[in-house]
Amino acid sequence: MEIGVRILLAFLVSQVARIGGQEDGGHEGCAPGFQVKHYQVAFSGAFQKGQALIQVEFDDCVGNEDVKFEVSDPSFYVDGDLNLVPQRDVLQSRPFLFIHGLSAHADDMAQVEVTGLPVQSPHTLRGILGVGQTLPFRSKRSLLIPPMIVTENQRAPFPRKIGKSHVISTGRLGNHIFRLTGPGADQDPKGLFTIDIDTGEVSVSRSLDREVIDSYQLEVSTTDFAGNLVEGPATLVITVIDQNDNRPIFRETRHTGEVLEGSPPGTTVMTMTAFDADDPATNNAALRYNIVRQLPDKPSPNMFYIDAERGDIVTVISDKLLDRETLPTTTYELEIVAKDMAGSEVGLTGTATATITITDKNDHAPEFTHPLFEADVYEGSTGVVVNLTVDDRDDPDTGAWRAIYSIINGDPTLSFEIQTNPDNNEGMLSVAKPLDYEAAALHTLLIKVENEDALVPDVGYGPSSTATVHVTVLDINEGPIFFPDPLIVTRMENIPLGSFVASLNATDPDILQIQSIRYAVLRDPAGWLSVSPVTGTVNTSASLDRESPLVRDNKYTAVFIATDNGSPPATGTGSLVIHLEDYNDNAPYVVPSEAKVCEDAHDRNVAIVGVRDNDLPPNAAPFNIELGKQLGLDKTWKVTRVNSTHSQIMLLHSLKKANYQLPLLITDSGVPPLSNNTEVKIQVCVCQKNKMHCSSGHSHRASLLVLLATLLLALLCKYH
């Protein structure tokens, strides 16, 4: 909206408000705004730049700080001395100027009439408005007309005339007609307003609702009968005046609030807020609140008060009477009425219910129902042994009621623990570590109870907030205990049968009783051990083998049981772990047991073989591999060590494609060393490019011997 439209609309509203204020009798003392509303200034051919034309009288009643002024014609402004001053040389002026004064404490309009203007043609909107032409081309500035008002909810008959624009002269040429355009005329909602094409009178055609649309901005123009624009368009603002046709409404019918017991008078509980769809600038939406009923009405029917304008509900009752434990109820309901028209008798009303809960504060310490609690428990057992009960007058299921228990004396070994039962607030005392009758037959504990929330300053914990618990330990026959458990010993494997392994040691914890203990084997996976029932001496009943699959990481584990002669008898178990040392009792062997070479001694004639030994160093590697003792083998084959565990077998000259069993002698490094006469299957293959064609037949030791004999004979003939 342009500046002129804003100022004209503000002027009309200020005049309506001023008239309404006069009808109400006004206010004594200072009235914020322009002290003089109408001014005149004479036009004598031109207004010179910087010339003070008039001085306006404006007072916001608090010193005129931060007052801002706006003039409908931007060629003028109001200076700090309240003078109306041209910003440039003005050769032509409008017949009326409007000044808008605005501050935090005032919002008002004044009108300045410019007299002595030259007579202009009344047949155009531009002439009617008195707008001069300061430039040789047509101005694009919008042409304005005063706004109109219409009251909502008017009744028939319709149409009703609401005003006539005084800026358009009726003395125009007879072939010009008025046109009204915009939302409410020829746009949705269509047909609300019409204009007399001859007189320019504007009418409303049906009842309006301000709460749907509170103002309309239309345009007035003149055209010839052919529809060609003659002048305009000029802006017409129609404001819908409010009627009190909406009741106050609470968004919710029930509202909830809380106030802590013992709160002092004047404590804010909650705020009630209702809404009125009427114009908030009028009394139609000025609400006042009131409490019309309190339930229950004890101990006082006026325990609460509501601020009539803000809707704040505050306490009135004294803090001593606002005691949750003595009030007849902890919940109060207030019926709240909101009335518009600032609470006058003709105002419309709306109602809602405020539910206020008196919340608890921790003003009562928990107290044990008994000063002494007793419990019996068998030694060696765990779990809950007794439930401690307390009374607390505060609100259940709140931090002021929920109990926290602690053991403050009598448990140096931390054998007990206490927790709160969330269902009934009782303290559940439990044995966390098994008790020993022989160590202590009676335990005396001192238990303290507190609340989750801290007590109010004037309340403390008394003697009833502590209690004594006697826990009596009942004796049972306990099983023997092995020590140490496990028992770890080191023995060499393969020691003779009946050799001593270990002595088991089990004692009976029932020191107040005289009992005997007997031993037995409970679990011996390999069946290697036996035990003396009386002394607990463990001997070998079979050879200990470190390489057995029942040995893990060189350790063999057996479990023994000890039984006393109590009634009933009690048992205990203990483990024996034997760390087995290695003995060189495993000969080495070749891996793999087969190898392939090519029949041509110059093409891939080498095979790699490895040696393994189930014993541990130093009874294993390094290994020595050599050819068997058969005569002439070294003329055809050669064995060379690669590393401590592998050797290579090389074919020295070509052999016929076949499978041969090559005898080898393998020796480990043990003391004494172990040797193994073994054979390796050598496949002599025909090799072509990257493929080896080997024989699938059986190995022939005889063929190898014949071959060796033939070679030997050939050598002998050569030297003879």
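The values are calculated or read from the model by the stated rules, or taken from the named source; none is laboratory data. Since this is a predicted model, take the numbers as computed values, not measurements. In this analysis, Cβ positions are derived from the backbone assuming ideal geometry, glycine residues included, and neighbour counts consider all displayed protein chains. Keep in mind that these areas ignore ligands, DNA and RNA; they rest on the heavy atoms of the full protein, side chains included. Shrake-Rupley method; radii C 1.70, N 1.55, O 1.52, S 1.80 Å.
Of the set (1) within 16 Å of residue 636 (Cβ to Cβ); (2) at pLDDT 65 or above; (3) open to solvent by 60 Å² or more (accessible area, probe 1.4 Å), all apply to residue 712 but (2). If we scan the stretch 81-94, do we find a residue that is open to solvent by less than 60 Å² (accessible area, probe 1.4 Å) and touching a helix residue (DSSP H, G or I) at 6+ places or on another chain (Cβ under 9 Å)? The answer is yes; a qualifying residue exists.
Among the residues of the stretch 478-494, those identified as surrounded by 16 or more Cβ atoms within 10 Å (Cβ to Cβ) and touching a Pro at 6+ places or on another chain (Cβ under 9 Å) are 478, 479, 480. Each residue in the stretch 324-359 was checked for being assigned to a strand (DSSP E or B), open to solvent by 50 Å² or more (accessible area, probe 1.4 Å), under 24 Å from residue 278 (Cβ atoms) and not hydroxyl-bearing (Ser, Thr, Tyr), and 2 of them qualify. Of the strands (runs of 3 or more DSSP E) lying entirely inside the stretch 392-469, those containing at least 3 residues that are open to solvent by less than 50 Å² (accessible area, probe 1.4 Å), aliphatic (A, V, I, L, M) and in contact with a strand residue (DSSP E or B) (Cβ under 7 Å, 6 or more places away or on another chain) are 427-431, 442-451.
You will find that of 194, 239, 222, the residue that is of a type in the set (Ser, Thr, Tyr), open to solvent by 60 Å² or more (accessible area, probe 1.4 Å) and touching a strand residue (DSSP E or B) at 6+ places or on another chain (Cβ under 6 Å) is 194 and no other. Restricting attention to the stretch 28-50, the residues that are open to solvent by 30 Å² or more (accessible area, probe 1.4 Å), of a type outside the set (A, V, I, L, M) and farther than 18 Å from residue 113 by Cβ add up to 7. Filter the stretch 634-686 down to residues that are closer than 28 Å to residue 584 by Cβ, of a type in the set (A, V, I, L, M, F, W, C) and open to solvent by less than 10 Å² (accessible area, probe 1.4 Å), then give me how many there are. Final tally of qualifying residues: 5.
Which one of these does residue 518 not meet: (1) more than 55 Å from the chain's Cα centre (by Cα); (2) basic (Lys, Arg); (3) closer than 28 Å to residue 619 by Cβ? Tallying (1) more than 55 Å from the chain's Cα centre (by Cα); (2) basic (Lys, Arg); (3) closer than 28 Å to residue 619 by Cβ, residue 518 fails exactly one: (3).
Residues in the stretch 601-614 that are open to solvent by 70 Å² or more (accessible area, probe 1.4 Å) and part of a loop (DSSP other than H, G, I, E, B): 3 in all. Would it be correct to say that residue 569 is more than 27 Å from residue 535 (Cβ to Cβ), open to solvent by 20 Å² or more (accessible area, probe 1.4 Å) and either part of a loop (DSSP other than H, G, I, E, B) or among the aromatic types (Phe, Trp, Tyr) (or both)? Considered against the rule, which asks whether it is more than 27 Å from residue 535 (Cβ to Cβ), open to solvent by 20 Å² or more (accessible area, probe 1.4 Å) and either part of a loop (DSSP other than H, G, I, E, B) or among the aromatic types (Phe, Trp, Tyr) (or both), residue 569 comes out as no. Pairing residues of the stretch 65-80 that are surrounded by fewer than 17 Cβ atoms within 10 Å (Cβ to Cβ) with residues that are small (Gly, Ala, Ser), at Cβ distances under 6 Å and at least 6 apart in sequence or on separate chains, gives 66/103.
For the stretch 615-665, list the strands (runs of 3 or more DSSP E) that sit wholly inside it and hold at least 2 residues that are in contact with a strand residue (DSSP E or B) (Cβ under 6 Å, 6 or more places away or on another chain) and within 30 Å of residue 548 (Cα to Cα); which are they?
Details: elements: 624-627, 637-641, 646-651.
Ranges flagged: 624-627, 646-651.
Being under 30 Å from residue 362 (Cα atoms), at pLDDT 95 or above and of a type in the set (Asp, Glu) is a property that residue 325 lacks.
Residues in the stretch 285-318 that are open to solvent by less than 80 Å² (accessible area, probe 1.4 Å) and assigned to a strand (DSSP E or B): 288, 289, 291, 292, 294, 304, 306, 312, 313, 314, 315.
Specify the residue that is farthest from residue 360 (Cα to Cα); the eligible residues are those in the stretch 261-270 that are surrounded by 15 or more Cβ atoms within 10 Å (Cβ to Cβ) and among the polar types (S, T, N, Q). So the residue we want is 267. Does the stretch 588-608 contain any residue that is free of Cβ contacts under 8 Å to residues at least 12 places away in the same chain and of a type outside the set (A, V, I, L, M, F, W, C)? Scanning the stretch 588-608 turns up at least one residue that is free of Cβ contacts under 8 Å to residues at least 12 places away in the same chain and of a type outside the set (A, V, I, L, M, F, W, C). Picking from residues in the stretch 320-374 that are under 16 Å from residue 290 (Cα atoms) and of a type in the set (S, T, N, Q), the one that is farthest from the chain's Cα centre (by Cα) is 344. Candidates 226, 234: the one that is of a type in the set (A, V, I, L, M) and assigned to a loop (DSSP other than H, G, I, E, B) is 226.
Just a yes or no: is a residue in the stretch 507-519 more than 30 Å from residue 439 (Cβ to Cβ) and hydrophobic (A, V, I, L, M, F, W, C)?
Step one: list which residues in the stretch 507-519 are more than 30 Å from residue 439 (Cβ to Cβ), which gives none.
Within the stretch 507-519, none of the residues are more than 30 Å from residue 439 (Cβ to Cβ) and hydrophobic (A, V, I, L, M, F, W, C).
Of the residues screened, residue 311 is one that is touching a Phe, Trp or Tyr at 6+ places or on another chain (Cβ under 7 Å) and on the phi > 0 side of the Ramachandran plot. On the given criteria, is residue 531 out of contact with any Phe, Trp or Tyr (no Cβ under 7 Å at 6 or more places or on another chain), surrounded by 13 or more Cβ atoms within 10 Å (Cβ to Cβ) and among the β-branched types (Val, Ile, Thr)? Taking the combined requirement at face value, the residue does not satisfy it.
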